[in-house]
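A short worksheet on the structure shown next.
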Amino acid sequence: MEQKIINIAVIAHVDAGKSTLVDAFLNQSGVFRANEKVQEQVMDSNDQERERGITIYSKNCAIEYKDYKINIVDTPGHADFSSEVERIMKTVDTVILLVDSSEGPMPQTRFVLSKALELGLKPILLINKIDKKDQRATEVVDEVLELFMELDATEEQMEFKTLYGIAREGIVQHEVDHNGKDLSPLFETIIETTGHYPLEKAALTPQIQISSLAYDPFVGRLGIGRVFEGTIKEGQQVSISRNDGSVGKGKISNLYVYEGMKRVAVKEAQAGDIVVLAGMTDITIGDTICDP
């Protein structure tokens, strides 16, 4: 069944509230059962992240909103992980730039934002923590505009949509002085800004670029990437086009997509979606999986 798919990334500096915003996305999309106990900052699953309170490895989750599937890619906020950020940016349709209402844009967001702008993405600005006593949201919007100019944003990118919120309470609103109730203004803005991935691309020959790797004790090495074209199926024979120009052969033994925080086995996945592939032991970042 063809599905309207949008992939987004949230970029922010440490402590801007990124993991809290992702928690709110998951909670308000009905991912968790009413009686399910949810730990805070569910995306920070790595032990080192919990200890340091930061997001290091990008991880994915997915939510359903109306008739859309929205894949959320959680990106590292630290410049140390810049190569990972660059790859992840290629898999998304838009970025939410999350900025603290009193601190304004911080140096750590500069690199990530520059990569998003270079790739032609049109960001959505979300000023967070507007309940702070020292919030200066209006000035912060001007500071972000200056940053966009410094990074040579196009005129279209400069006309970004601005929203205001309190991620901890799961509230986003169109104006600072509105009384928001939930995240629906953010969901609607994502759809309005990006539209869904073109459904007609599902009919083309398969093409997936591997943007990150994972490991599963049962099925081994996993390649994660976006299906840019075509439909990919479990059991399919594929070619692996490598960075050095060589072409190998492989078979997709297991195919997964994201539903909420879970990786779910599926028989096939279509263009636009982010998939996890098993069965190719030597797969690496940058490889393109395509039709033999």
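Placing +1 on each Lys and Arg Cβ and -1 on each Asp and Glu Cβ, with no other charges, gives segment 163-207 a dipole about its Cα centre of roughly 220 debye. With a cut-off of 11 Å on the backbone N, the residues of segment 190-215 near the modelled label site 7 Å out from Lys90 along Cα-Cβ are 208-212.
Compute the FRET efficiency between Arg136 and Lys4 as 1/(1 + (r/R0)^6), taking r as their Cβ-Cβ distance and R0 = 45 Å, and round to the nearest 0.05.
Details: r = 37 Å, r/R0 = 0.83.
It comes to 0.75.
Return the calculated 222 nm mean residue ellipticity for the chain, to the nearest 500 deg cm²/dmol, obtained by summing -39500 (n - 2.57) across DSSP H runs with n ≥ 4 and dividing by the residue count.
Computed mean residue ellipticity for the chain: -6500 deg cm²/dmol.
Using the Cβ-Cβ distance between Asp177 and Glu118 with R0 set to 45 Å, the FRET efficiency from 1/(1 + (r/R0)^6) comes to roughly 0.80. Per-residue accessible area (protein heavy atoms, 1.4 Å probe) orders Glu175, Glu234, Glu200 as Glu200, Glu175, Glu234, starting from the largest. Using a cutoff of 8 angstrom between alpha carbon atoms and counting only pairs six or more residues apart, the relative contact order for segment 172-292 works out to 29 percent. With R₀ set to 41 Å, the beta-carbon distance separating Ser102 from Arg221 gives a calculated FRET efficiency near 0.40.
Let me make sure I get this right: for the chain, a, b and c are the square roots of the gyration tensor eigenvalues over alpha carbons, sorted descending. Under 1.5 in a/c it's rounded, otherwise prolate if a/b > b/c, else oblate. Which is it? Numbers along the way, then the final one.
Details: a/c = 1.77, a/b = 1.61, b/c = 1.11.
Prolate shape, in that a/c is at least 1.5 and a/b is the bigger ratio.
Taking the Cβ of Thr205 as the centre, find all other residues whose Cβ is under 9 Å away and add up their charges (Lys, Arg: +1; Asp, Glu: -1). The partial results should precede the final answer.
On the way: positive: none; negative: Glu229, Asp291.
Charge balance near Thr205 sits at -2.
Place a +1 charge on the Cβ of each Lys and Arg in segment 114-219 and a -1 charge on the Cβ of each Asp and Glu, then give the dipole magnitude about the Cα centre in debye, rounded to the nearest 20. Mind dumping the intermediate values first?
Details: 10 positive and 20 negative charges, 97 e Å.
With only Lys, Arg, Asp and Glu charged at Cβ, the dipole is about 460 debye.
Ranked from the most accessible area to the least, with a 1.4 Å probe and all protein chains present, what is the order of Asp216, Asp142? Walk me through the numbers on the way to the answer.
Numbers: Asp216 25, Asp142 85 Å².
The ranking, largest first, comes out as Asp142, Asp216.
Computed over segment 219-287, relative contact order equals 45 percent, with contacts defined as Cα pairs under 8 Å that lie 6+ residues apart.
The values are calculated or read from the model by the stated rules, or taken from the named source; none is laboratory data. Computed from a prediction, not measured in an experiment: that's the story for all the values here. Neighbour counts run over all protein chains shown; Cβ positions are idealised from the backbone, glycine included. The area values use the complete protein model at the heavy-atom level, side chains included, leaving out ligands, DNA and RNA. Shrake-Rupley method; radii C 1.70, N 1.55, O 1.52, S 1.80 Å.
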